[in-house]
1. Along Cα→Cβ, 7 Å out, is where each label goes; now give me the distance between the ones at V48 and L90 in nm to one decimal.
2. Please list 3J(HN,Hα) in residue order for segment 14-30, calculated via the Karplus relation 6.51 cos²θ - 1.76 cosθ + 1.60 where θ = phi - 60°; whole Hz, with x for glycine and proline.
3. Using θ = phi - 60° and the Karplus form 6.51 cos²θ - 1.76 cosθ + 1.60, what ³J(HN,Hα) does each residue of segment 44-49 get, whole Hz, x for Gly and Pro?
4. List, in order, the whole-Hz ³J(HN,Hα) value for each residue of segment 128-142 obtained from phi through the Karplus relation with A = 6.51, B = -1.76, C = 1.60 and θ = phi - 60°; use x for Gly and Pro.
5. Scan around A68 for amide H atoms under 5 Å from its own, H built in the peptide plane at 1.01 Å from N, and keep only partners 5 or more places away or cross-chain.
6. Top to bottom by accessible area (1.4 Å), largest first, where do T63, T10, T71 land?
7. For D33, which sequence-distant residues (separation of 5 or more, or a different chain) have an amide H within less than 5 Å of its own amide H, given hydrogens modelled in the peptide plane?
8. Counting only protein chains, not ligands or nucleic acids, how are L83, L138 ordered by accessible area (probe 1.4 Å), most first?
Amino acid sequence: GLPFAAPTITPTAITAASGSPNKVSDHCEAVFDLRTIPDYHTEAYEKVQELAKNHGIQVSLLTDGSRAGYTDPHAPIIQALQLVVPDLELTVSQAAADLGALNIIGAQGIIYGPGEIQQAHQIDESIELSQVNAAPDLYEKLYDQWAQM
């Protein structure tokens, strides 16, 4: 199979308000980001629901799961990128992205661009300006190479 990371669940927001600074709130809401792997989202959510029910906690989805995207490593867009960036290492992205939506309409694509994935969505997210400045030229070369395939 593909090298997907293990599913994760991360608390991203907790809210409890009593209306007074000296009173304990009568309820609390928490938001969790559940990251799964293809064909496991429903089962993972059902396990979370069961665990919550066993503890008297109500659970609901804020959004539907993101569809996983996949592009064949031999697809023209990947071959073109490998010609433009010869030392490129192909990996499976562990992040949610729009590639799954593109696959639905028959498009194959890549997730590639400036920045470091470890910086994404962090409090101190940043990017090297040299990477931003180099991106348009790289995308133009990629487009030209892909158009010839």
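1. That separation, rounded to one decimal, is 3.1 nm.
2. 9, 10, 8, 10, 9, x, 8, x, 10, 10, 7, 5, 8, 7, 9, 10, 10
3. 5, 5, 4, 5, 5, 4
4. 6, 4, 4, 5, 5, 5, 7, 4, x, 5, 4, 5, 5, 5, 4
5. none
6. Numbers: T63 100, T10 65, T71 15 Å².
Per-residue accessible area, sorted high to low, gives T63, T10, T71.
7. Correct list: T10, T12.
8. Numbers: L83 105, L138 40 Å².
From most accessible down to least: L83, L138.
The values are calculated or read from the model by the stated rules, or taken from the named source; none is laboratory data. The structure displayed is predicted, hence computed values, not measured ones. So basically every Cβ, Gly included, is an ideal-geometry build from the backbone, and we count neighbours across all protein chains shown. Each accessible area value is taken on the protein alone, full model and side chains, heavy atoms only, with ligands, DNA and RNA left out. Shrake-Rupley method; radii C 1.70, N 1.55, O 1.52, S 1.80 Å.
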